[in-house]
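Student: This is the structure, below, for whatever I ask next.
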Amino acid sequence: MRLGIVGAGHVGGTLGRLFESQGHDVRFGVRDPGRESGGGLPHDRMGTVADVASFGDVIILATPWDATPDALRAAGPLTGKTVIDCTNPLLPDLSGLSIGTTTSAGEEVARLIPAARIVKCFNTLGYSNFAHPDFNGTKASMFYCGDDAGAKQIVAELGNQLGFDMIDAGPLSQSRWLEAMAMLWISMAYKYGGSPRSAFKLLR
């Protein structure tokens with residue numbers, strides 16, 4: 001599968017490397033491919049946001065929230081494409097979310113690119129756990145939500161390839177609570193006695 005990743009930071013770079021190791025063809029879109037280092041990513045895999053938007057069968061949105069509207073404008077309408085929204089609307093000091101309860105980053109992304117199929121995923125725990133989602137023999141749960149069943153199935157398969165226990169959390173409006181879960185994870189991992197090497201698990 002061709003994966004176009006918008007953003008080459010910790011989340012986008014980590015997911016790109018992992019999916020490439022699974023045999024996917026990965027490209028990274030950044031604002032200025034000629035000047036950005038891309039965190040050590042291969043320069044032959046980097047292009048403009050418009051380049052990777054055209055290239056990818058699936059688009060992974062891994063930008064800081066404040067940069068997301070500009071990135072989507074550069075990407076274009078992404079008509080019919082599955083877009084995995086990994087963003088969280090974090091305040092600059094990580095003290096909370098800038099939006100929530102009545103809308104979410106996932107829903108706002110859908111408003112900006114209404115012709116695309118949006119699935120919220122890979123946002124509820126730190127990127128450092130993506131390569132090792134196994135905790136003493138137990139798979140970490142990765143929650144996802146969206147309004148298109150076909151797009152959700154694609155995302156579930158991608159998450160399964162990385163070794164996650166994939167949990168369908170319902171429609172895209174559930175992004176409001178997945179983004180709140182991300183804030184809980186961040187606060188616990190870095191402020192209230194937890195560890196970045198931590199994850200959520202849904203017990204059945």
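Student: Give the residues of segment 74-101 that are closer than 12 Å to Val6 by Cα and either assigned to a helix (DSSP H, G or I) or of a type in the set (Ser, Thr, Tyr) (or both), sorted by residue number.
Tutor: Matches in segment 74-101: Ala74, Ala75, Thr87.
Student: Please count how many residues of segment 164-193 are under 28 Å from Gly23 (Cα atoms) and either assigned to a strand (DSSP E or B) or open to solvent by 20 Å² or more (accessible area, probe 1.4 Å) (or both).
Tutor: Start the filter on segment 164-193 by keeping residues that are under 28 Å from Gly23 (Cα atoms), which leaves 164-169.
Checking which are either assigned to a strand (DSSP E or B) or open to solvent by 20 Å² or more (accessible area, probe 1.4 Å) (or both) leaves us with 165-169.
Here the count works out to 5.
Student: Right, another one. Using the structure shown, decide if Ala67 is among the hydrophobic types (A, V, I, L, M, F, W, C), in a helix (DSSP H, G or I) and surrounded by fewer than 18 Cβ atoms within 10 Å (Cβ to Cβ).
Tutor: Details: among the hydrophobic types (A, V, I, L, M, F, W, C): yes; in a helix (DSSP H, G or I): yes; surrounded by fewer than 18 Cβ atoms within 10 Å (Cβ to Cβ): yes.
The answer is yes for Ala67.
Student: If you don't mind, there's one more thing I want to ask. Within segment 132-152, is even one residue surrounded by fewer than 19 Cβ atoms within 10 Å (Cβ to Cβ), of a type in the set (Asp, Glu) and closer than 24 Å to Arg17 by Cα?
Tutor: Within segment 132-152, one or more residues are surrounded by fewer than 19 Cβ atoms within 10 Å (Cβ to Cβ), of a type in the set (Asp, Glu) and closer than 24 Å to Arg17 by Cα.
Student: May I ask you to list the residues in segment 111-131 that are in contact with a His (Cβ under 9 Å, 6 or more places away or on another chain) and either part of a loop (DSSP other than H, G, I, E, B) or open to solvent by less than 10 Å² (accessible area, probe 1.4 Å) (or both)? Write out each step before concluding.
Tutor: Taking segment 111-131 as the starting set, the residues that turn out to be in contact with a His (Cβ under 9 Å, 6 or more places away or on another chain) are 126-128.
Correct list: Gly126 only.
Student: When you go through Thr48, Thr63, Thr68 one by one, which is the residue that is of a type in the set (Val, Ile, Thr) and farther than 22 Å from Trp177 by Cβ?
Tutor: Numbers: Thr63 fails: farther than 22 Å from Trp177 by Cβ; Thr68 fails: farther than 22 Å from Trp177 by Cβ.
Only one candidate passes the filter, namely Thr48.
The values are calculated or read from the model by the stated rules, or taken from the named source; none is laboratory data. No experiment lies behind these values; they were computed from the predicted model shown. Note that each Cβ is placed from the backbone with ideal geometry, even for glycine, and that neighbours are counted across all protein chains shown. Protein only, heavy atoms only, side chains kept; ligands, DNA and RNA dropped before computing areas. Shrake-Rupley method; radii C 1.70, N 1.55, O 1.52, S 1.80 Å.
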